[in-house]
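Written below as structure tokens is the structure these notes are about.
The values are calculated or read from the model by the stated rules, or taken from the named source; none is laboratory data. Computed from a predicted model, the values in this text were never measured in an experiment. So basically every Cβ, Gly included, is an ideal-geometry build from the backbone, and we count neighbours across all protein chains shown.
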Amino acid sequence: MQLSTKHLLGIKNLTTEDISLILSTSQQFKEVLQRPVKKVPSLREVTVVNLFYENSTRTRISFELAEKRLSADIINFTAAASSAAKGETLLDTVNNILSMKVDLVVMRHSASGAPHFLAEHIPAAIVNAGDGINEHPTQALLDAFSIQEKTGSLAGRKVALIGDIMHSRVAQSNIYLLKKMGASVMVCGPPTLIPKHISQALGVDVSYNLRETLEWCDVANVLRIQLERQNQVLFSSLREYNLAYGIGKELLDSLHKEVVIMHPGPINRGVELDSDVADSKQSIILQQVENGVAVRMAVLYLLSGRSVAN
């Protein structure tokens with residue numbers, strides 16, 4: 001089996017078969033990562049460039065580790081330490097890199113649509129590692145993989161996305177994926193951090209009450225407050241936000257069921273999540289990080305043109 005697309009630009013254009021194939025291939029690679037020797041020759045002779053125009057720690061390290069586990073040749077590009085800082089255009093930069101015979105480009109950019117622009121102009125396969133406030137497809141895939149691993153299925157699950165929905169590419173990719181795979185989705189946060197027409201546009205429920213949301217959901221995916229993307233004051237203070245929408249142990253313990261806690265990171269401890277929740281047995285945050293490597297191995301492997309046997 002192969003993916004129906006040459007690139008991974010977002011979840012929006014993936015089929016359910018694509019998603020299922022990535023998740024099943026991720027399971028195979030997770031089993032590889034449990035072995036004493038975690039490296040496989042699957043992408044030997046394949047060259048991957050990590051093209052990061054925006055700061056990243058988890059995503060970048062996760063992709064690099066995935067590439068090394070697959071035995072790929074790696075080129076790392078950081079905009080601040082490159083000719084891009086001197087005014088070189090995105091297309092010129094990439095064309096120069098492609099002249100080195102690159103097969104795959106993993107790209108993070110602050111401008112929404114940047115990976116899509118590249119995909120129209122260069123022959124290499126593109127993996128979107130986050131573009132502006134548009135999408136972050138591999139995060140949604142690893143979140144889905146983690147939910148499936150923890151609960152057994154995505155279909156029928158009630159998943160809440162809590163926090164800064166307005167500025168979150170993670171939220172958008174998660175909504176697309178979860179809806180495609182049969183889950184119910186609710187978004188929760190201050191009215192100023194939830195897009196006005198999200199219910200009609202994306203088919204999700206909207207709540208402004210944290211307790212009611214937690215009582216409804218099986219899984220709570222808690223999103224970071226992205227102050228760096230906010231160009232106006234959208235709530236009074238981080239303390240006030242924590243009082244209304246922060247999740248503490250006392251609140252979790254008062255619920256009538258156990259809710260799985262997730263977070264794409266980095267966590268603002270004491271704002272979105274208290275430490276005793278982030279580090280609790282209900283949290284699968286570290287499993288998300290571990291699963292990210294397996295999922296990105298699967299994506300790179302499938303986009304390289306390798307097919308998976310039925």
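In table form, for the structure just shown:
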item: Some residue of the stretch 63-71 being in the same structural domain as Ala294 (by TED's automatic domain parsing), of a type outside the set (Ser, Thr, Tyr) and either free of Cβ contacts under 8 Å to residues at least 24 places away in the same chain or not in a helix (DSSP H, G or I) (or both); result: yes
item: Residue within the stretch 129-136 that is hydrophobic (A, V, I, L, M, F, W, C) and under 20 Å from the mean Cα position of the chain (by Cα) present; result: yes
item: Residue in the stretch 188-201 that is farther than 23 Å from Gly292 by Cα, buried (at least 23 other Cβ atoms within 10 Å of the Cβ) and either at pLDDT 95 or above or in contact with a strand residue (DSSP E or B) (Cβ under 9 Å, 6 or more places away or on another chain) (or both) present; result: yes
item: Filter result for Asn209 (within 27 Å of Lys30 (Cα to Cα), at pLDDT 95 or above and in the same structural domain as Leu273 (by TED's automatic domain parsing)); result: no
item: Selected residue (only one of Ala119, Ala66 is surrounded by 14 or more Cβ atoms within 10 Å (Cβ to Cβ), of a type in the set (A, V, I, L, M) and in contact with a His (Cβ under 6 Å, 6 or more places away or on another chain)); result: Ala119
item: Enumeration of residues in the stretch 3-21 that are in contact with a strand residue (DSSP E or B) (Cβ under 8 Å, 6 or more places away or on another chain) and not in a loop (DSSP other than H, G, I, E, B); result: Leu8
item: Count of residues meeting criterion [farther than 25 Å from His109 by Cα and in contact with a Ser or Thr (Cβ under 8 Å, 6 or more places away or on another chain)] in the stretch 1-27; result: 3
item: Qualifying residue in the stretch 90-108 (condition: without any contact (Cβ under 8 Å) to a residue 40 or more places away in the chain, closer than 22 Å to Lys6 by Cβ and not in a helix (DSSP H, G or I)); result: yes
item: Only listed residue being in the same structural domain as Pro41 (by TED's automatic domain parsing), modelled with pLDDT of 95 or more and either under 24 Å from Leu177 (Cα atoms) or surrounded by fewer than 24 Cβ atoms within 10 Å (Cβ to Cβ) (or both), chosen from Ala129, Ala85; result: Ala129
item: Residue in the stretch 34-57 that is part of a helix (DSSP H, G or I) and touching a helix residue (DSSP H, G or I) at 6+ places or on another chain (Cβ under 6 Å) present; result: no
item: Hits in the stretch 241-289 - residues which are free of Cβ contacts under 8 Å to residues at least 24 places away in the same chain and either in a helix (DSSP H, G or I) or in the same structural domain as Gln27 (by TED's automatic domain parsing) (or both); result: Leu243, Glu250, Asp253, Ser275, Ala278, Leu286
